[in-house]
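> Following this message is one structure expressed as structure tokens.
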Ligand code: FES
Ligand code: FES
């Protein structure tokens, strides 16, 4: 059995030798290059272009503007399509836009023989705008008289949703309750995958092929058909290796425009490769969210009533829109599902860069706010921070009243126990009491819950195909995508164990090609090992049954007497080796009397979901005069059910922790409040964690087997990012007594907080 | 623009090539020589994905003009495997330690690790971290990359 073993990545050799091909590595020589002209105002109309000088640049083939594109508005988010109109994604942009809605909007494209010619021409295009007032914050966008960003949404509120479970108003009348209120803010950040948004497109016959760095090839295909107004069969998406996505590439980015561009030059190959600066400004970001939280708590620490109002800054276009803040306020309810709970959430258009999906989909935002709030409650009650959580947190068997998602397994208590021990919580808590001086120490922790897939909010479906080769090895084809997280490897492990062959006998096809690949919605929501793992299992069992049926025919035996183990057909009871799988496979292929192409394809329609859990514990130093936090020791402990591959799983946690540290300590997208222009659209000004900024990252797992997972497993890819920022914020509170309610906890920010608190002058 | 001739050593072989004098080394390595391990993550010297060795020193090849390579010795990741395709110890360590995820930063990190593992002195983990801080990785949190470099450096030292 290889499930549960730390086997090396199936793509490791290709990646360590530079053989692995990414989109730009496959771009044909002598193809055309497209460069997008981005708006230099944040809100207004394009009136006209003067293209005369630009068209004179040698090598320019064509210039297309917002006045040339099809008059079709289309949606971009990587959600499974809903056949019900009211659940469909918002179609609010064109391939190029006449009404520009942020500084950097796409308004024209130059297609040229070389990149240099395209860039030169871009600089020579003259644009006339009719500028309108722009709004960058939720408050300004919601204020009366605010400019209208999309005609379809008066007031700029895309969605306002609410829920109430139990009666909040009557719950708060209970005698003796203590009311704790807080307002928390999280900032806009960017995914910063090292490979920028990239694609190229060409035509064969009357069909368009787009090769793209995407997490969601089948969804991108659907979106291209919507944007161009063409049929599904006319679009083909190919996804090679991708250099990270983290949710940004769970959106149609360059593909729809690129697909249209090739049709404008007679089907010639056109490349559309975003620069780093464009990737920062013109793709997607993590939503900035504001939360007002009120808790009514009994003196014993149990929660009587909880209230949240959340505001999500969507930026210029809807993309994933309300789904994120809805996820956030749902998690608010799920994590501590006690007492009456009432929630409101708003998603609001503004004139900043568009926000979309990013690792853990709204939960790092609420995770920061909620876990900071829990420590604020503990401070107010002078209660034990961990005991307060334990008293109120989700327990086994919980059924969320809003979504019906059920807690089928939980190792949260063990996660807390392990983290507490590792960080020496109890000793440190005593040691760090009553500190004075300029460098102070603190410990903090935070917990989280995370749902594994998107059921029942959206469709969950996954298909897998396995083909038996003549030598008894198996080609494994997944609609699910490898984006660096190790999906190809864990699917191969699952395939090997289910079929009964060694791992080396599984050949996973890493490239998705919508002409060939079975349907799957793609890499997001930490769904793949859970949802697509089930498709592998189902397909593996089906392939094995077909193999055994053919072997039974060959051996004149009853199929129920046969099993497949380690590439041998064996007798179920005696385990006697009867015939090698390779002999069965050869006979099946070349039999003169009974040839069979042995292959299996199955769809798993998933109708379940489950929660994973975890905790982060951090031990920090705070240098008050320098306003600087130093992380001495940090650990994430995760319950993701059974771990399929400990080596890869640990790597996922490392990466998430690093992203969480960046979120909590350094990263923030900044824009000029006058123009809306992004100020830190590059990797020098935007403060990404380097190896020197990163402390040693400690990881542990607890592994309760989840009864609904294909191998007892549940979500892992996204969750590690969630608890890190609040754990550090709570350690800062522990060290200094200063409750900081917004991130990042950068020196620039802490300076003002410490000043306000009187710690520095 | 007229092309200019450069003569240089590339992955242990003498080469002559006529190139655009405005081209960056990374463009030439990718375009003329199909050495696609040299990645572009920013094109302006920020991310380290295009790191190569020039006369044994690490450079961001995206901001190094190809004509400057005239007379120099350039090494890319492709030059680390032997003629039979056997990989080097540092590449193997990246595999063993799980230091690869999406793999886009990997060539650059391996090239940046060469001066560390080839140095006669020993580096602490903190020093290794500092040495590789010109390379970004968004996937691994650097932990396993530091492990791979440290392990290889230690075993090379032991072998001496
Ligand atoms: S591509 Fe050269 S440093 Fe980023
Ligand atoms: S492995 Fe993806 S950026 Fe390093």
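The values are calculated or read from the model by the stated rules, or taken from the named source; none is laboratory data. Quick caveat, the model's predicted, so the values are computed rather than measured. No Cβ is skipped: glycine too gets one built from the backbone with ideal geometry, and neighbour counts run over all protein chains shown.
> Considering only residues that are on the phi > 0 side of the Ramachandran plot and more than 11 Å from chain A (Cβ to nearest Cβ), look in the range B:32-82 and name the one that is nearest to ligand 2 (Cβ to nearest atom).
By that ranking, first place goes to B:56.
> Are any residues in the range B:79-112 more than 16 Å from residue B:35 (Cβ to Cβ) and within 16 Å of ligand 1 (Cβ to nearest atom), and if so, which ones?
Selection gives B:102, B:105, B:109, B:112.
> Okay, moving on. Give the number of residues within the range A:242-279 that are within 16 Å of ligand 2 (Cβ to nearest atom) and outside the structural domain of residue A:222 (by TED's automatic domain parsing).
Residues flagged as within 16 Å of ligand 2 (Cβ to nearest atom) and outside the structural domain of residue A:222 (by TED's automatic domain parsing) within the range A:242-279 amount to 2.
> Sticking with this one: Being within 14 Å of another protein chain (Cβ to nearest Cβ), closer than 24 Å to residue A:357 by Cβ and more than 20 Å from the chain's Cα centre (by Cα): is that true of residue A:214 here?
The answer is no for residue A:214.
> Related question: Within the range A:567-588, track down each residue that is more than 11 Å from residue A:472 (Cβ to Cβ) and out of contact with any helix residue (DSSP H, G or I) (no Cβ under 8 Å at 6 or more places or on another chain).
A:570, A:574, A:575, A:576, A:577
Residues are listed down the side, and each one gets a yes or a no for (1) in the same structural domain as residue A:235 (by TED's automatic domain parsing); (2) in a strand (DSSP E or B); (3) surrounded by 23 or more Cβ atoms within 10 Å (Cβ to Cβ):
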{"position": "A:466", "(1), (2), (3)": "no, yes, yes"}
{"position": "A:471", "(1), (2), (3)": "no, no, no"}
{"position": "A:475", "(1), (2), (3)": "no, yes, no"}
{"position": "A:482", "(1), (2), (3)": "no, no, yes"}
{"position": "A:501", "(1), (2), (3)": "no, no, yes"}
{"position": "A:516", "(1), (2), (3)": "no, no, no"}
{"position": "A:522", "(1), (2), (3)": "no, no, yes"}
{"position": "A:525", "(1), (2), (3)": "no, no, yes"}
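> When you scan the range A:251-278, how many residues do you find that are touching a strand residue (DSSP E or B) at 6+ places or on another chain (Cβ under 7 Å) and within 21 Å of residue A:90 (Cβ to Cβ)?
6
> Could you please give the count of residues in the range B:91-109 that are under 12 Å from the mean Cα position of the chain (by Cα) and more than 7 Å from every other protein chain (Cβ to nearest Cβ)?
So the answer is 2.
> Restricting to the range A:264-273, what's the tally of residues that are buried (at least 17 other Cβ atoms within 10 Å of the Cβ) and over 14 Å from residue A:30 (Cβ atoms)?
Within the range A:264-273, residues that are buried (at least 17 other Cβ atoms within 10 Å of the Cβ) and over 14 Å from residue A:30 (Cβ atoms) number 4.
> For the range B:114-160, how many residues meet the condition of being under 30 Å from residue A:242 (Cα atoms), away from chain A (no Cβ under 14 Å) and surrounded by fewer than 17 Cβ atoms within 10 Å (Cβ to Cβ)?
1
> Next question. Taking the range A:43-60, which residues are crowded, with 16+ Cβ neighbours inside 10 Å and either touching a helix residue (DSSP H, G or I) at 6+ places or on another chain (Cβ under 9 Å) or free of Cβ contacts under 8 Å to residues at least 40 places away in the same chain (or both)?
A:51, A:54, A:57, A:59, A:60
> When you scan the range A:732-761, how many residues do you find that are in a loop (DSSP other than H, G, I, E, B) and under 17 Å from residue A:618 (Cα atoms)?
Number satisfying all stated conditions: 8.
> Continuing with the same structure: Failed condition for residue A:40, given (1) touching a residue at least 24 places away in the same chain (Cβ under 8 Å); (2) more than 24 Å from the chain's Cα centre (by Cα); (3) closer than 30 Å to residue A:488 by Cβ, with all others met?
Condition not satisfied by residue A:40: (3).
> Would you point out the residue of the range A:3-34, among those that are under 27 Å from the mean Cα position of the chain (by Cα) and away from chain B (no Cβ under 12 Å), that is nearest to residue A:564 (Cα to Cα)?
Per the stated criteria, the residue is A:3.
> Of B:16, B:46, which residue is within 25 Å of residue A:278 (Cβ to Cβ) and either assigned to a strand (DSSP E or B) or within 14 Å of ligand 1 (Cβ to nearest atom) (or both)?
Criteria check complete, one pass: B:46.
> Something else about it: Is it the case, given these coordinates, that residue B:23 is modelled with pLDDT of 95 or more, under 17 Å from the mean Cα position of the chain (by Cα) and buried (at least 17 other Cβ atoms within 10 Å of the Cβ)?
no
> Among the residues of the range B:21-31, how many are farther than 20 Å from residue B:11 by Cα and within 9 Å of chain A (Cβ to nearest Cβ)?
The qualifying residues number 1.
> Could I ask something else about it? Considering A:697, A:688, which residue is under 28 Å from residue A:3 (Cα atoms), in contact with a helix residue (DSSP H, G or I) (Cβ under 7 Å, 6 or more places away or on another chain) and assigned by TED's automatic domain parsing to the domain that holds residue A:362?
Being under 28 Å from residue A:3 (Cα atoms), in contact with a helix residue (DSSP H, G or I) (Cβ under 7 Å, 6 or more places away or on another chain) and assigned by TED's automatic domain parsing to the domain that holds residue A:362 holds for just one of A:697, A:688, which is A:697.
> How many residues, within the range A:192-217, are out of contact with any helix residue (DSSP H, G or I) (no Cβ under 7 Å at 6 or more places or on another chain), part of a loop (DSSP other than H, G, I, E, B) and more than 16 Å from ligand 1 (Cβ to nearest atom)?
3
> Right, something else. What's the total number of residues in the range B:102-131 that are within 13 Å of ligand 2 (Cβ to nearest atom) and touching a residue at least 40 places away in the same chain (Cβ under 8 Å)?
6
> Can you spot a residue in the range A:686-697 that is surrounded by fewer than 23 Cβ atoms within 10 Å (Cβ to Cβ) and more than 14 Å from chain B (Cβ to nearest Cβ)?
Checking the range A:686-697: not a single residue is surrounded by fewer than 23 Cβ atoms within 10 Å (Cβ to Cβ) and more than 14 Å from chain B (Cβ to nearest Cβ).
> What do you reckon, is residue B:49 touching a strand residue (DSSP E or B) at 6+ places or on another chain (Cβ under 7 Å), crowded, with 20+ Cβ neighbours inside 10 Å and farther than 20 Å from residue A:29 by Cβ?
no
> Going by the structure shown, is residue B:55 under 19 Å from residue B:112 (Cβ atoms), free of Cβ contacts under 8 Å to residues at least 60 places away in the same chain and exposed (fewer than 15 other Cβ atoms within 10 Å of the Cβ)?
yes
> Also: State which residue pairs qualify: first residue in contact (Cβ under 8 Å) with a residue 24 or more places away in the chain and within 14 Å of chain B (Cβ to nearest Cβ) and inside the range A:193-211, second residue more than 16 Å from ligand 2 (Cβ to nearest atom) and not in a loop (DSSP other than H, G, I, E, B) in any location, beta carbons under 6 Å apart, and separation of 6 or more residues or different chains.
Note: pairs meeting the criteria are A:198/A:273.
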